[in-house]
Amino acid sequence: MRHPLAGAGVSHGRPGRIHGLERDRVVILWPEAASFAEASPDVFRTAVDGPTDVAESLSEEKASTGRPTDLCVYLGR
């Protein structure tokens, strides 16, 4: 199964691609999150943990090389 956020700049918990956008804020939209959660609850939890970890890393001054980035993930129904 393809990771639902593949191509969104989130890969294996590494914030590099999102940080490379050089923006103060980044938004990821996942329109069909609820149906994915219902079909694959364990995979869904893993998929949500990745962006959560990335958001924490991007918000840290040291981890973001002095350029913190706000990351918001909207989960649709």
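The values are calculated or read from the model by the stated rules, or taken from the named source; none is laboratory data. Computed from a prediction, not measured in an experiment: that's the story for all the values here. So basically every Cβ, Gly included, is an ideal-geometry build from the backbone, and we count neighbours across all protein chains shown. Accessible surface areas use protein heavy atoms only, side chains included; no ligands, DNA or RNA. Shrake-Rupley method; radii C 1.70, N 1.55, O 1.52, S 1.80 Å.
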(request) Just one of (1) modelled with pLDDT under 85; (2) in contact with a strand residue (DSSP E or B) (Cβ under 6 Å, 6 or more places away or on another chain); (3) not in a helix (DSSP H, G or I) trips up Pro51, so point out which. (result) (3)
(request) Scan the stretch 1-42 residue by residue and report those that are open to solvent by 100 Å² or more (accessible area, probe 1.4 Å) and either modelled with pLDDT of 70 or more or not in a loop (DSSP other than H, G, I, E, B) (or both). (result) Arg14, Arg17, Glu22, Arg23, Asp24, Arg25, Leu29, Glu32, Glu38, Asp42
(request) Determine, yes or no, whether Glu61 is closer than 17 Å to Ile18 by Cβ and open to solvent by 90 Å² or more (accessible area, probe 1.4 Å). (result) yes
